[in-house]
Structure formats: C-alpha cells, structure tokens
Amino acid sequence: MQYLKNYIDGDYIDPIENDWLDNYNPSNGEVYSKIAKSKKADVENAYRAAAKAFPEWSNTTIDERSKILIRIADLIEQNLDTLAAAESKDNGKPLSLAKAVDIPRASSNFRFFGNAITQFASEAHESVGMNTMNYTLRQPIGVVGCISPWNLPLYLFTWKIAPAIAAGNCVVAKPSEVTPLTAFLLGEILTQAGLPKGVLNIVHGTGPETGQAIVEHPQIKAISFTGGTATGAHIARTAAPMFKKLSLELGGKNPNLIFADCDYDKMLSVTLKSSFANQGQICLCGSRIYIEASIFEKFKKDFVAKVSELKVGNPKDAKTNIGALVSKSHLEKVESYIKIAQEEGGVILFGGNRVEVKNLENGYYLQPTIIEIKDNNCRVNQEEIFGPVVTLMPFETEAEALAMANDVKYGLSATLWTNNLNRTMRLSKKLEAGIVWVNTWLNRDLRTPFGGVKESGVGREGGFEALKFFTEAKNVCITYEN
Ligand code: NDP
C-alpha cells in the first residue's frame, strides 16, 4: 500500500500523529493508498518551514524564480504519462482527458507564471507641479495558503501555487483529500527542479481539520481557495475577522443559451463537451441548456442521439468518454438530484441510471443524464449538481432567455450560441457571469481574468490578476527639492 506523506521543508514526512485516511480508486471502489491525516501541528510545521524560507525566496531574482518555475513545467511535461495515469486513477476521469487537459495545463500554469513574473511591473505616479513622485512597490505577502478541489486536481492546485511562488511567497497548500495523488507526486518534481526547501509545503488531510487549520493560522496572511460555495462562505467567516486577503473561486450553475441562428453542428458537438466533459464535474460546465423554441424539438432529438453514443466505462480505455464519478458519496448526491428531478415533474430524456462496467462492478459509474424541465426555479435547475446531468428548457425571446439565465444565485460562466453580432454584444454585457463564451466553451487564455460573480466567488485569478492577489501594493511617496 502506498502512503501519501506530507511534503514539508523539501522532504516527504509522516503526519505527526501517524494518522492516515483511505484513498479510493473510483474506477473500482477499492482503497489503493493511504493519505496523511494532518493535524494542526502538521500545518504548524509546514508554516514554520515556509516562514523560514521566505526571507531568501522573496529576495531571489526574478530571473532565478522564473527559471525554477519553468524547470517545474518541463518536468511535469516529461512526466506526463505517470502523472496522467495517477490523476485518472485517483479521480476516475478518462486517462485520455488527463493526458490531453489536466497535466498539460498543470505544466502550462508553471510555464505561464514563470514567464508572467518577468513582465509584471508596477506603476509610478508623478504629482506634477508638487515635486512629488509616487511609485508602487508590489511585495510578496509572506506565507500564503492554497486550497483546491478534486475535480481538476493538479490543474487547479498548480493554478494557485505557481503565481504564489512566482510572486515571491512561500506556500502551505492542501489538495482535496479525495484526490491527493498528483499533488503528492509533485513534491518530487519540486525537489528535482531545485525549488528551495520550504518554499512550497504540501499537507494532506480533510477540509474541516487540515484545511481549517490553514485558514485559521494567524500568520498565514492570504488564502486562495477553490471549492464549493458553502465551504467558501465558511472560510470567509473564519478569515474575515483576521483580515486575511481572500480569493474565492466557488460553485457554478452555468447557462448555455442556444439561438436558432447559430452554427448548429458546431454547437451540438461543443454542447456535448460542455455538458459532460470530466463527468460534468467542471465548475464551468453548461448544465442549464436553454434552446430557442423553433429548434427545441430538433435539438432534443439530436442531442439525445449524440449523448446515447457516449461510452461510459473504464477510465483507462481509450474509447471511454465518461469515466467514474469521483466518489461513492458524490455519486449518491448526483443520483439524489435525479430523483428530485422526477419528483419535481422533470422528464428524463436520457440516462438517470448507474452503469455496471465489466470487471469494475464496484466503480462509481453513471449514465449521462438529460432532463427536460418546465420550471426554471425547480431545484435541479437552481442547485449545483456537479455531475453528468443537464436540464433542457425552451425559450421564445432573447429577453426571456436572459432572464432565465440570470435567475440563479451563481454567476461563474455563460455560453452563448448565435451568429447575431448585435445579440452577442447585448447579451455579453447583461449576462451575470465572470466569463461569457460566444460560440465556444472552455477556451482559456491564461492572461485573462478568471472568476465569478454573485455566489460563484470573490476576486479574480489568471494573468496579472493572480500576481496582484499574491502581492501587497505599497505606495512610496517622495518629495524632492528643485
Ligand atoms: P469543497 O468545498 O468540498 O472542497 C474544496 C477544498 O476545500 C478541498 O480541499 C477541501 O478538503 C477543502 N475544505 C473543505 N472544508 C474546509 C474548511 N472548513 N476549511 C478549509 N478547507 C476546507 O469542494 P469540492 O472539493 O467538493 O469541489 C467541488 C466544488 O468546487 C464545486 O462546487 C465546484 O463548482 C467548485 N469549483 C469551483 C471552481 C472555480 O474556479 N470557481 C473550479 C472547480 C471547482 P477535502 O476535500 O479534503 O475535504
């Protein structure tokens, strides 16, 4: 049995109390490794290592920091096969997806911020006529905490860590206890890349124990968190009285608006992905699909036909489109929503049942599920399910589509399918979301701001936004004599 230890001060170490959690393989429901169940004292150790490393790391030249980040990116790339296999095993996602998306993106995160830091600059403001010059110092915060979820494990873990260390901070980071494996493997890569000891410390354990200890730590000055809205609210309540800097990337229930004038075939194939990629476990999935009434029946027929061709199965199989859901409890949660949908009068057009995969009978497999609903306010259309479940609803007018799209507590992303430029411009302004994709989905340029409005989060990641979050701006004001 493999033991996933903490990575503290450049070494793999056992949790102080030698307490371990089971780690499951979702594809077969078996425990295949043990995870450190870290306590407050482990977090304290990680903090101390980070605090010790900070003075030197924050003084490292930009060039040196950049080189190390790019070396980490290269090593992730060189270990693509191992890391992708680990991610698929830990999360249940198709190996092909981990290879094409998760691991390449983890590498890109380090490469991007390794380069971005060389271009990060601050402003100067001359108070003309007053013999005064102001400039802005952007200084690293110190020790920061990064907490990430299970759906895109290494992808989201590194999305936080890379800008934090690029900006000169030292980090105490916790991946989800549900998917710790690639974060564990990252430790070795950090050592190989020559990242100084203590700059990045990875502690494993549960959210309420290990995560909470990071958030509560009085000397950890900023928290970058991605996860559910309820957890985000709890973290905000804990951190606010301590005046910590907070970046919260939370849940979504994203609308996918389809107008009759769109490029129908492209829309159909991308909508398949935006509905069910990663078993629908992406915060950006378009789980509420609104279709213009004139093409509603045609869309229903074509979409059901396409979805019925998706292969649910062994994540290792190259032909698999949909792997296992991440855990038994998550599978049960998603199933409970299918039941709720039926109670609410929703019509299951496709799916709704577990799938038994040969030789993997105890894995957490579920059919992709399409539900036609009548009421925009039904629970299944308002609450985040975070699984392979979408709702369909027709609309008559643009105004009606917009009102339904915005009538939800979340505001992460929205997708718009139309070839009408005027409509694109109007709706892009009025959709309540941090990202609007027009005739595309999950199209990401890492320089762009990323985040949500309403209950989908506070703050922005991506590009210089992330580097700004991980630094404190200080105004230096100098007067001089002529
Ligand atoms: P959770 O909120 O349950 O957990 C996220 C992370 O927080 C995990 O590492 C978890 O640890 C930890 N955690 C839990 N409780 C606490 C606590 N009290 N203090 C500190 N940390 C804690 O989310 P999930 O992992 O279930 O992820 C799914 C959610 O993430 C969905 O709502 C999804 O929309 C959202 N998400 C948002 C994204 C965005 O960019 N806006 C992107 C991806 C996902 P552990 O798992 O060990 O309990």
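Derivation of every value follows stated rules applied to the coordinates shown; laboratory data play no part. Every value quoted in this text rests on a predicted model; they were computed, and no experiment measured them. All Cβ positions, even for glycine, are placed from backbone atoms using ideal geometry, and neighbour counts span all protein chains on display.
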Whole Å is fine, so just give me how far the alpha carbon centre of segment 94-121 lies from that of segment 46-74. 18
Which of Ile235, Val270, Val326 sits farthest toward the positive end of the charge dipole of segment 204-340, with +1 on the Cβ of Lys and Arg and -1 on the Cβ of Asp and Glu? Ile235
How many Å³ per residue does the convex hull of the Cα positions in segment 263-369 occupy? 113
When a/c reaches 1.5 or more, the comparison of a/b and b/c decides; with that in mind, is segment 212-297 rounded, prolate or oblate per its Cα gyration tensor? prolate
Quick check on the chain: helices-only [θ] at 222 nm, where DSSP H runs of length 4 and up contribute -39,500 (n - 2.57) each and the sum goes over total residues. Nearest 500, please. -11500 deg cm²/dmol
Once phi is turned into θ = phi - 60°, what whole-Hz ³J(HN,Hα) does the Karplus curve with 6.51, -1.76 and 1.60 give for every residue of segment 77-93, x standing for Gly and Pro? 4, 5, 9, 3, 5, 5, 5, 5, 5, 5, 5, 5, 5, 6, 9, x, 6
Equivalent ellipsoid dimensions for segment 367-482 as semi-axes, Å, which come from the Cα gyration tensor, largest first: 37, 18, 14
Can you compute the modelled spin-label distance between Glu44 and Ala473, with each label point 7 Å from Cα toward Cβ, in nm? 3.8
Packing-ranked peptide list from 86-94, 266-274, 56-64, 379-387, highest mean Cβ count within 10 angstrom first, is 86-94, 379-387, 266-274, 56-64
With segment 156-218 reduced to its Cα atoms and the Debye formula applied, log10 I(q)/I(0) at q = 0.23 1/Å amounts to -1.05
Over the alpha-carbon set of segment 1-47, work out the extent along each principal axis and list the three values in angstrom, largest first. 36, 19, 14
What residues have an amide H closer than 5 Å to that of Ala173, excluding those fewer than 5 places away on the same chain, when H is modeled at 1.01 Å from N in the peptide plane? Cys146, Asn201, Ile202, Val203
What Kirkwood hydrodynamic radius, in Å, does segment 312-438 give when the mean of 1/r is taken over all pairs of distinct Cα atoms and then inverted? 16.5
Compute the semi-axes of the equivalent ellipsoid of the chain, taking the square root of 5 times each eigenvalue of the Cα gyration tensor, and list them largest first in whole Å. 38, 29, 19
Residue farthest toward the positive end of the dipole of the chain, with Cβ of Lys/Arg at +1 and Asp/Glu at -1: which of Pro175, Ala36, Cys378? Pro175
Cβ charges +1 (Lys, Arg) and -1 (Asp, Glu), total dipole of the chain, debye: 220
Helix 421-430 sits off the longest principal axis of the Cα atoms of the chain, rounded to the nearest 10 on a 0 to 90 degree scale, by 60
What relative contact order, as a whole-number percentage, does the chain give when Cα pairs under 8 Å and 6 or more residues apart are counted? 19
HN-Hα J couplings of segment 118-133 from phi, Karplus 6.51/-1.76/1.60, θ = phi - 60°, integer Hz, Gly and Pro as x? 6, 10, 6, 10, 10, 9, 10, 10, 8, 8, 4, x, 10, 6, 10, 10
How would you rank 363-372, 137-146, highest first, on the average number of other Cβ atoms within 10 Å across their residues? 363-372, 137-146
Charges only on Cβ, +1 for Lys and Arg, -1 for Asp and Glu: so what's the dipole of segment 337-482 about the Cα centre, in debye to the nearest 20? 320
Based on alpha-carbon centroids, what's the gap between segment 353-383 and segment 225-252 in Å, whole number please? 29
Neighbourhood charge, 14 Å Cβ-Cβ cut-off, centred on Asn420 and excluding it, Lys, Arg +1 and Asp, Glu -1: -2
Grab the alpha carbons of segment 3-111, take their convex hull, and tell me the volume per residue in Å³. 108
Here the percent of antiparallel bridges among DSSP beta bridges lying wholly in the chain, to the nearest 5, is 45
Place a +1 charge on the Cβ of each Lys and Arg in segment 301-342 and a -1 charge on the Cβ of each Asp and Glu, then give the dipole magnitude about the Cα centre in debye, rounded to the nearest 20. 40
What is the Rg over Rh value, at two decimals, for segment 30-179, using alpha-carbon atoms and the Kirkwood definition of Rh? 1.08
Put +1 on the Cβ of each Lys and Arg and -1 on the Cβ of each Asp and Glu in the chain; which of Tyr47, Met404, Tyr290 then has its Cα farthest toward the positive end of the dipole? Tyr47
For segment 84-132, the Cα gyration tensor yields equivalent-ellipsoid semi-axes (√(5λ), largest first, whole Å) of 46, 9, 7
Residue-wise HN-Hα coupling along segment 333-344, computed from phi with Karplus coefficients 6.51, -1.76, 1.60 (Hz; x: Gly, Pro): 5, 4, 4, 5, 6, 5, 5, 4, 4, 5, 5, 7
How large is Rg/Rh for segment 199-346, to two decimals, with Cα atoms and a Kirkwood Rh? 1.07
